[in-house]
Structure formats: C-alpha cells, structure tokens
Amino acid sequence: MVRLEHVNKYFNRRKKNEIHVINDTTLQMENKGLVALLGPSGCGKTTLLNVIGGLDKIGSGNIYINGEKLNGRRAGKIDQIRNLNVGYIFQNYNLVDNMTVFDNVAIALKMVGVKDKKEIEEKVNYVLDKVGMYRYRNRYADMLSGGERQRVGIARAIVKNPAIVIADEPTGNLDSKNTLEVMNIIKSISEEKLVILVTHEEQLADFYASRIIRIRDGKVISDEINEHADNLDYRIENKIYLKDIRDHKRLKTDHYNVDFYNESGGDLDLDIVIRNGNIYIRTNKPGDRIEIVNEDSSIEFVDDHYRKLSREDSAENSFDPQKLATLGVRKYHSILNPWTTIKRGFKTVFNYNILKKILLLGFLISAIFITYSISNIFGVLNITDDEFVQQDKSYLTIIGKKIDVDTYLKYEADENYEYIMPGDSSIRMSMPYGGYLQTSSASASLTGSLSDYKKLSVSDLEYGRMPENAGEIVVDRMVLKSVISDQESKTAGFGTVESFLDQKVTVPQMPEMKIVGISNLGSPCIYTDQSLFINLISNAQSADDIQDSGMAIGDSSEGSGESSGSRTILDYNLKASSVSVAKGSWPTGDYEVMVNEKNKDDMAIGKTIDQKVNGKKLKVVGYYKDASESDFMLVNSNTVKYNVIREKANITVCPKDKEAALQQLNAEKINVKDTYGQSEKEYKKEKWSSIFSTLILAGVILAISFIEIFLIIRASFLSRVKEVGVYRAIGVKKNDIYKMFIGEILAITTMASLPGFALMAYILHRISAISYFSKMFLINPTVLVLSLVLIYGFNLVFGLLPVFRTIRKTPAAILSRTDVN
Ligand SMILES: Nc1ncnc2c1ncn2[C@@H]1O[C@H](COP(=O)(O)OP(=O)(O)OP(=O)(O)O)[C@@H](O)[C@H]1O
C-alpha cells in the first residue's frame with residue numbers, strides 16, 4: 001500500500017525558475033490494481049513516481065510504502081525499503097548494457113538476497129519467458145531493440161515479486177505492437193500487485209487502468225475508479241488488414257495467383273520477372289518504393305478486418321506471481337563480495353576498447369614516475385650514520401685549545417664518567433695483508449674511535465667472541481666497511497666483514513693484538529682494554545695526525561722539545577721485557593726518564609735534560625741496553641699520559657649518562673660538544689641544502705603523476721556516470737557501486753601500474769648498485785611498500801572521487817543528468 005500525505009516538492013526552490021512540481025498531494029493506493037497517472041507533459045508525473053519509488057526526495061509531507069515511512073530516512077534505508085517493496089520500470093529501460101539479459105534480471109534477485117543459483121535461474125527464466133525474452137537471455141543488453149529492452153526492464157522489475165510496480169511511460173518508446181504486448185503484461189501483473197503507471201496515452205489508461213488520477217501543474221485534479229472501456233481501439237501501424245482495403249484485384253491462371261490491394265488509389269505499373277527461382281520486380285512509376293514482406297520484416301499482412309482489442313485478448317498474457325514468491329525473509333543485500341569485486345574489475349578492464357587500453361599507458365608511466373620520485377626522495381634523505389659519525393656515539397668532547405693536566409685529572413676523578421681520554425679518541429691501527437703473495441707487504445689501515453670493550457656485551461657482536469685479555473680487540477663493522485671499500489682489501493681477500501676475524505693488528509711499539517669479535521653498533525669503534533688507551537693514543541697514529549711523524553716529546557706551547565730530532569717517549573713497561581737496565585733504575589716516578597746508554601755522555605744520571613713534559617724537564621734515572629739499538633725515552637705511564645694530554649686539544653669523555661653530563665657541563669659553561677648529535681645536525685644541514693633542488697624536482701614529478709592519474713580516471717569516469725545512474729536507479733547499494741569501481745581501479749593498477757612500478761624498481765635497484773647513484777636512489781622494502789601504497793592509494797582516491805561526487809546525489813538527480821546525454 002502506498003500513502004502520500006500533503007506531499008510537496010519544488011525544483012529550484014526560491015529561485016526565479018521555481019517549480020512547485022508536487023503540490024500538496026495526498027493519495028492512498030491499495031494493494032492491487034493498475035493506477036494510471038495522466039496529465040500533460042511537464043505536470044510532474046515522473047517526479048511523483050520518483051518520490052514514491054524512493055528515487056527522489058520530497059520537500060515536505062510524508063510518504064509511506066507498505067507502512068514504512070520513506071521520507072526523512074538516510075539513503076541506505078530508503079534504498080532498502082524501495083528494493084524490498086518496489087519494482088521500477090523506466091521509460092528508457094535503464095539496463096546495464098554490458099550485461100546479458102539474464103544478468104540484468106538476476107541482479108534484482110541478488111539485491112534482495114536470493115543466492116541459490118537454481119532459484120535465480122528458475123525465476124529469471126520464468127519472467128523472461130513471460131515477457132517473451134527467454135530466447136535472448138544470453139544476449140548483451142546493448143544488442144536489443146527498444147521493445148526487447150523494455151521487456152527485460154519489466155522482467156527485472158517483477159522478478160523479485162515486489163508489492164508495488166512503478167512504470168514510468170513504459171511504452172513511450174515502443175511501437176504499437178510492442179505497446180500492446182507490454183501493456184498486457186503490465187495489466188496481468190496488476191491482477192495481484194499494485195501497479196502505478198504513468199502514461200500520456202488516454203486510451204491505454206482507459207482500457208487498462210482500474211483507477212485514473214489526473215494531474216495538472218503538480219496538483220491532483222481528479223481521481224476516479226475507471227469503468228473499463230471494454231475494447232481498445234488501438235491500431236497497430238505495422239499490421240496491414242487486407243480485408244479493409246477495398247480496391248482488390250486478383251490475377252489467377254494455372255500458373256499465376258497474384259493479389260493487388262491498393263489502399264492509396266494510385267496507378268500500379270510493375271514488371272515482374274521470374275528467373276532461376278528468383279523474383280525480380282521493377283516499378284515503372286518514379287517514386288514508388290518496393291519492400292519485401294517476409295518473416296523478418298516488421299510489416300505483417302493480416303488476411304482479416306481490423307477489430308478492436310477485447311478484454312479477452314488482453315488477458316492472454318497472464319502470469320503467476322506464486323512462481324516468484326520467495327520463501328523466507330528477504331533482505332536488502334550487497335551483490336558483490338571481494339572476490340567478485342576483483343573478478344568483475346579485471347573483466348571490465350579486459351573488455352576496454354582499444355582507446356581506453358591505450359589510456360592505461362598513462363598509469364604505467366605515472367607508476368614509473370612515482371617509484372622514481374619516492375626512491376629519489378628517500379635516497380637523498382636517507383642519511384646513514386656512516387656518512388658522518390666519527391666517534392663512539394656515547395662520547396662527549398670537551399673542547400679546549402690545550403688541556404692542562406690538572407683539569408684532565410679532575411675530569412678523570414669525576415664519577416659521572418666511565419673513563420676519559422685525551423684527544424678525539426680516534427686511532428689508527430695497521431693490519432698486514434699476509435694472505436697473498438702480491439699483497440704480503442701491504443697492510444690495511446683501521447681507523448676508529450677508541451672504546452672500552454667492557455661496554456660491549458655478547459649480543460652486540462655480529463661475529464666472533466668477546467676479548468678475554470688485553471691482546472684481543474673487537475672492531476665495529478663500520479670501521480671494516482671503509483677498509484673493504486678499498487679495492488686493495490678485496491684483492492687481498494678481505495671482501496667481507498667476517499674475513500677480518502682473527503687477523504692481527506699492530507700499533508708501533510705495542511704488542512700485537514688480535515681481532516676476536518666484530519660488533520654492529522653503528523659507531524666506528526675499536527674496542528680494547530681501557531688500560532691500553534694512553535699508550536695506544538700515544539703510539540698509534542690517529543686519523544688527525546696522519547701527516548705528523550708520530551708522538552714526540554714536547555710541549556709546543558712552551559716552545560721547546562718538539563723537533564724532528566726528538567726521541568719518542570715511551571712507557572717503560574712496554575719495553576721492560578726487551579731491554580735491560582744498564583745503569584740506574586727504571587723510571588717509576590713521574591717525570592723520570594731512562595735513556596739508551598749510548599746517550600750517557602750527554603745525559604747524566606740525576607740530572608735533568610732539556611726535553612719537557614707538561615712544562616717540566618725530565619730527570620734521567622737510568623740507562624738501558626737494547627740489542628735493537630732503539631733510542632726511546634722510557635718514562636712511567638703517568639708521564640706518557642701527561643705528555644699526551646699536553647699534546648692534544650680536547651678531551652673525550654665517556655659519560656655514564658650522556659644527557660645529564662651534557663646538561664651539567666653546559667651549566668658549568670664548559671665548551672662541550674655532543675659530537676654525534678652535532679655532526680648529524682651539521683651533516684644534515686649541509687646535505688639538505690644540496691638536495692633541495694632534487695627534492696623539488698622529485699616532488700614536481702610526483703605531482704605530475706598524480707594529476708595524470710586524476711585526469712585519466714576522470715576522463716574514463718565521465719563516460720560511466722550513466723552506468724552509475726542506472727545502478728543507483730535499480731537500487732544497487734552505494735557500497736556496491738564503490739566496490740565495482742574499486743575492483744576496476746585495482747585491476748587497472750595491477751595490470752598497468754604494477755608493471756611500471758616493477759620496471760622502475762628493477763632499474764633503480766641496478767642503478768643504486770653503482771656508487772655514483774647509491775646516494776641518489778634508495779631501494780629498500782620501505783621505499784617499495786610506500787611506492788606501492790601511493791600508487792594504489794592515489795589511483796583509488798582519485799578514481800573514487802568522481803564516483804563519490806556522483807553517488808551523493810539521489811538516483812533521480814543522477815539520471816536527470818545522464819538523460820541529457
Ligand atoms: N531535476 C530537475 N531540476 C529542475 N527541474 C526539473 C527537474 N526534473 C524535472 N524538472 C521539471 O519539473 C517539471 C515536472 O517534470 P516531470 O518530469 O515530473 O514531468 P512529467 O509530467 O513526467 O513530464 P513528461 O510527461 O514530459 O515526462 C518539468 O517542468 C521539468 O522540467
């Protein structure tokens with residue numbers, strides 16, 4: 001039952017061209033019968049049907065469909081009510097062109113939740129048979145004539161056995177023969193259902209309708225039960241009733257039997273030739289047209305008089321609604337699941353015409369661009385520690401031109417520090433390449449930040465083991481990486497980080513050490529026993545001192561000592577086993593020195609010599625004897641330390657808590673530098689300015705790609721608005737329409753964009769292996785995933801944008817837009 005209470009609707013409200021298209025209409029329609037809405041063109045019949053059918057909204061009033069209020073509900077609910085209750089027959093059919101006749105009808109069943117294939121087949125075949133379209137069930141809709149399309153439209157409207165069928169000028173585009181057939185079907189539907197029919201053909205309404213409502217300018221002007229006309233004077237143009245033609249001549253002989261019917265009264269002048277089974281006809285009167293009438297032609301000869309259509313004739317086409325009754329509760333249903341969504345998407349793309357397929361190249365190109373840009377952006381933004389880190393990340397550097405020993409000792413005693421060391425912690429060790437003959441005399445130089453191996457734990461090691469004594473060290477892979485990058489290292493057989501395990505390393509004057517472990521902590525560290533630090537710094541050439549000749553005695557601030565001829569100062573403990581005391585004693589006290597006995601004439605025991613450490617002259621306490629003729633100044637470890645302190649600018653401290661130490665030192669106004677943090681900042685700043693232009697370019701390419709995607713999808717969608725309108729009009733859920741397009745976009749992206757992405761990723765992968773490009777492009781899982789997400793994401797967003805904009809409108813609004821096309 002349909003009920004309208006004081007329904008009003010306007011178009012162009014409060015504008016100059018306002019139309020009060022439904023004017024305070026109150027109506028009630030019962031469960032059966034054929035209600036015809038009659039009225040002049042533009043009086044609002046279609047709009048009234050649309051609001052009853054839920055395709056359009058009203059301004060005020062109420063509409064009830066089978067007791068359920070239709071107005072004021074959200075779009076999804078309206079869709080539900082109309083799907084479960086109303087079957088809509090459109091004047092322009094609204095079939096989905098790229099679906100078969102069968103599928104066009106079956107979709108209505110799927111929308112009300114019928115899933116059983118057999119049931120769908122039975123019902124669809126039944127209605128197709130009833131409308132005379134069974135034999136065309138596998139044809140695509142766009143291959144049908146107007147009459148055939150309308151029959152499919154009727155089949156689709158009735159297959160779900162709706163309580164109400166709405167038919168908007170269903171015969172408006174049909175010839176008279178089809179009109180009668182379609183009307184007969186509609187009439188038989190109205191025996192069981194409520195059919196609301198809009199027509200402008202009075203005599204059709206008179207003959208078929210049980211009630212006639214006349215409308216003018218949006219208002220109901222009459223509403224009457226129709227006393228049926230018993231017969232319908234509806235002449236069918238394509239039937240020629242021979243007995244109605246008076247001028248009839250017959251030529252009859254043994255061999256000829258020719259009938260002439262002349263309705264227009266003109267002359268007839270024909271030559272007919274029969275030859276080889278063919279009949280050739282020539283008209284000798286200019287302007288006469290000859291048309292052959294056979295089973296295929298639309299014209300039909302009826303050997304009878306014309307007679308009006310009687311009630312019995314119209315009842316020929318009855319149908320049984322019981323055959324369509326569905327067991328159980330019907331539910332407004334989605335017609336697509338994820339699998340069918342994808343499958344449909346691929347099918348649609350496969351069926352694209354050649355022009356659209358060429359457009360797909362645009363997606364390929366934009367995917368190439370997107371991948372390129374992302375890899376480029378990440379490449380230049382990807383600043384790795386090895387590009388700038390020079391020290392153990394946990395260190396702080398106290399800056400000073402010259403550090404005095406007392407200050408150093410004060411920091412050394414501070415409990416906030418694990419340990420401290422003079423200088424920047426950088427040392428250089430030597431690793432002889434002993435493996436191959438060609439490289440036997442060469443050696444690798446390992447430069448790293450000196451660090452205590454006690455800071456390490458087993459889990460920090462990538463290879464090897466923890467050191468067990470002072471002769472064993474751990475080296476970080478970062479140190480080794482820079483050695484490997486040297487071709488010589490590869491020639492010598494050291495191509496991998498692991499190959500450095502168990503290799504011997506040397507520092508002048510120090511006992512040999514062995515690499516027993518390799519860490520991977522992102523700091524370029526050489527981990528040794530802390531007790532060796534001072535001697536290592538003193539004897540190892542640090543990265544900064546490569547140019548210098550070595551650690552010599554001296555205190556340059558005081559203008560003495562350091563000269564090319566000065567002797568190397570050395571911890572006597574390092575030589576205790578290789579030299580022997582010739583006279584005097586070991587230099588156990590601070591500032592004491594033991595020299596080679598060959599110097600005894602210049603350096604007398606008990607006397608000071610010119611060389612100073614920390615501003616103090618050294619006092620000779622003994623002579624040593626050495627088989628290898630070495631000429632060191634042997635001193636105790638403190639003296640070595642003082643010497644190194646005075647030599648170096650800066651102190652490197654290893655704080656227990658870096659942030660706290662930094663704060664405290666800053667509070668004390670001490671010039672302290674978080675080397676890691678600061679060099680990262682400086683490096684990034686420097687790098688940013690150089691990559692800015694690259695980023696802009698990549699950004700522009702990215703933007704062009706997105707615009708390209710948008711334009712392609714928009715162009716493709718414009719041709720699809722009608723399709724969306726049709727789907728919405730027949731009640732397909734908004735979500736399903738999104739899904740259809742999502743499926744299609746996913747298919748496009750997979751078929752066109754994915755190969756572009758894969759191609760570019762491969763090219764970039766190869767290119768980034770070349771060191772020149774390695775900092776320009778990055779190909780890693782993040783870049784790949786992000787590129788894919790962007791490609792799929794943007795295709796989806798831009799692709800769905802026009803769908804979203806269209807789908808927001810009411811079905812009637814979408815259709816009115818597409819009707820224009
Ligand atoms: N979306 C719309 N926006 C503005 N005006 C509209 C819209 N749809 C219809 N109209 C106008 O509203 C009036 C009623 O249109 P409607 O289609 O309901 O009339 P109708 O009686 O069905 O006409 P016809 O018999 O010619 O189909 C017409 O003047 C039409 O131009």
Exercise. How far is helix 658-667 tilted, in degrees, relative to the longest principal axis of the Cα atoms in the chain, given as a value from 0 to 90 rounded to the nearest 10?
Worked result: 70 degrees
Exercise. Under a straight-distance cross-link criterion of Cα-Cα below 20 Å, which lysines are reachable from K252, leaving out those fewer than 8 residues away in the same chain?
Worked result: K243
Problem set entry | Set K77/K123; K583/K617; K575/K658; K575/K648; K69/K118 screened for pairs whose C-alpha atoms are more than 29 Å apart | K575/K658; K69/K118
Seminar exercise, completed: Sorted on mean Cβ neighbours within 10 Å (highest first), peptides 691-704, 736-749 come out as 736-749, 691-704
Exercise. By DSSP, what percent of the beta bridges with both residues in the range 2-231 are antiparallel, rounded to the nearest 5?
Worked result: 55 percent
Exercise. Mind checking the angle between helix 734-748 and the chain's longest principal axis? C-alpha axes, 0 to 90 degrees, to the nearest 10.
Worked result: 60 degrees
For this session: Check cross-link reach from K177 to the lysines: straight Cα distance under 16 Å, and skip same-chain residues fewer than eight apart.
Result: K187, K239, K308
For this session: Please report the relative contact order for the range 239-307, taking Cα pairs under 8 Å with a sequence separation of at least 6, and give it as a percent rounded to a whole number.
Result: 40 percent
Exercise. Based on the mean of other beta carbon atoms within 10 Å per residue, what is the order of 443-449, 82-88, 198-204, 269-275, most packed first?
Worked result: 82-88, 443-449, 198-204, 269-275
Seminar exercise, completed: The aspartates and glutamates whose Cα lies under 17 Å from the Cα of K219, excluding any fewer than 8 residues away in the same chain, are E5, E18, D24
Problem set entry | Selection from L268, A649, Y738 lying farthest towards where the dipole of the chain points positive, charges on Cβ | L268
Problem set entry | Cα gyration tensor shape for the range 73-123, rounded if a/c is under 1.5, else prolate or oblate | oblate
Exercise. Roughly how many whole Å is it from the C-alpha centroid of the range 501-517 to that of the range 167-196?
Worked result: 101 Å
For this session: Neighbouring Cβ atoms within 10 Å as the yardstick, rank S375, S334 fewest first.
Result: S334, S375
Exercise. Rounded, prolate or oblate: which fits the range 239-307 when a ≥ b ≥ c are the square roots of the eigenvalues of the alpha-carbon gyration tensor, with rounded for a/c under 1.5 and prolate only if a/b beats b/c?
Worked result: rounded
Seminar exercise, completed: Quick note on C43, C525, ordering by fewest other C-beta atoms within 10 Å, gives C43, C525
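Taken together, the values in this text are just the output of simple stated rules run on the coordinates, not laboratory data. Keep in mind that this is a model prediction, so the values were computed, not measured. Methodologically, a virtual Cβ is constructed for each residue, glycine included, from the backbone with ideal geometry; neighbour enumeration extends over all protein chains shown.
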